[in-house]
1. What is the percent of Cα-Cα separations in the stretch 170-281 that go past 20 Å?
2. If each residue of separation counts as 0.36 nm, what is the full-extension length gain between K172 and D273 once their alpha-carbon separation is subtracted?
3. Any of K158/K187; K172/K224; K153/K209; K153/K218; K153/K224 with alpha carbons more than 18 Å apart? Name them for me.
4. Excluding F40 itself, what net charge comes from residues whose Cβ is under 11 Å from its Cβ, given Lys and Arg +1 and Asp and Glu -1?
5. Taking the Cα-to-Cβ direction at T25 and at S236 and moving 7 Å from each Cα, how far apart do the two end points lie in nm?
6. Zone of L313 (label point 7 Å along Cα→Cβ, backbone N under 17 Å): which residues in the stretch 191-235?
7. Viscosity 0.692 mPa s, temperature 37 °C: Stokes-Einstein D of the stretch 157-233 from its Kirkwood Cα radius, in µm² per second?
8. Give, rounded to the nearest 20 debye, the magnitude of the charge dipole that the stretch 137-293 has about its Cα centre when Lys and Arg contribute +1 at Cβ and Asp and Glu contribute -1 at Cβ.
Amino acid sequence: MENSSGDFILYKTEDGRAQIQLRATNGTVWLTQAQMAELFDTSVPNVNQRIAHILDDGELTEASTNSQLIVRQEGPREVRREVRIYNLDMVLAVGYRVRSPRGVQFRQWATTTLREYLVKGFVLNDERLKDPGGFDYFDELLERIRDIRASEKRFYQKVRDLFAATSADYDKTSDLARTFFAGIQNKLVHAVTGHTAAELIVARADAGKPNMGLTTWKGDRVRKQDVTVSKNYLSSDEITTLNMLTTQFLDFAELRARRRRQITMAEWVTATDQFIAVNDMDVLSGAGRVSSDEAVTVAGDRFTDFDTQRRALEAARAEAAAEEEIRELLAEQNPDLLTELEQAEHDLDRHRPTQE
């Protein structure tokens, strides 16, 4: 195998402790035993043993291996060595047998992101990404951004879709992605309201207000699950402001894609703080004074009070409506009897003793 062919893909482990450079050729990628050991956080002898078992079991054949000429400068001498390299099928097979967290993370990345790059014919190589000929990663990214901009989705979903589409290191199954979106949401809510999402729920959930203080909710009446969603308490002005911030995110992402520059989740966090600061809003530092669990508990307790009051009011209204129906029925069937009943009620009220 020629050592001058192929493109390079840089894979960074989720713990940030290792970066592996994979060479892509002929629809697959190749790694040495040393690279696999670093990737899966194990030893070279362990990797060598796994490869031997895989070949002995007939799971893969020698076609999954190749050789690569490595040229290194050792003092005044230029030393050439041939090393064994292994394709993606072998790398994944070793990863299954090593059973490390890194192995799981790499398989998830390889079967989604990496497969897509290999099928479409491009990888994360700067020069290749800048090549205007043929399929282009950034051209597709621009189309995705435009689709998000044109969608009828609310601002939170637009931001979520945008970050997922543009973040080069995004993995929807990872804990990092979930905490990433929660952190971005907190920053945006705090910028607009002065509260984190949890603080906003505690501050605005009010059993004594109509609909418990909510401005939006699902269905025809407020339910318990509605009162634990921070965006349901936002005013129309606050929603407008958040939509304007979302537009800035979209513009930023589109300009970056036009300049053919990638962005990571960490860079999105930094950009979010910069957008908030440049709009003369407060940038959130820390997680806030109220936890998510506390907010859910408080909102749930207040909803219980609200629902009790609502049921009592609905019962009173139903009773009043029933009495009115009876009166209307009497008026139709026996108007004289209705008049006598009304007169009797009037006399009773007139002779009822008044309270001092």
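Every number in this text was worked out from the coordinates using simple rules, so none of it is lab data. This one's a predicted model, so the numbers in the text were calculated from it and none came from an experiment. Counting neighbours? That spans all protein chains shown, and the Cβs are built from the backbone with ideal geometry, glycine included.
1. Above the 20 Å cut-off, the stretch 170-281 has 50 percent of its Cα pairs.
2. Extra length from K172 to D273 when fully extended: 34.1 nm.
3. Over 18 Å apart, Cα to Cα: K172/K224; K153/K209; K153/K224.
4. Overall, the nearby charge balance is +3.
5. Placing both labels 7 Å beyond Cα along the Cβ direction yields 6.5 nm.
6. Label zone hits: 205-217, 220-224, 227.
7. For these conditions, the coefficient is 235 µm²/s.
8. 300
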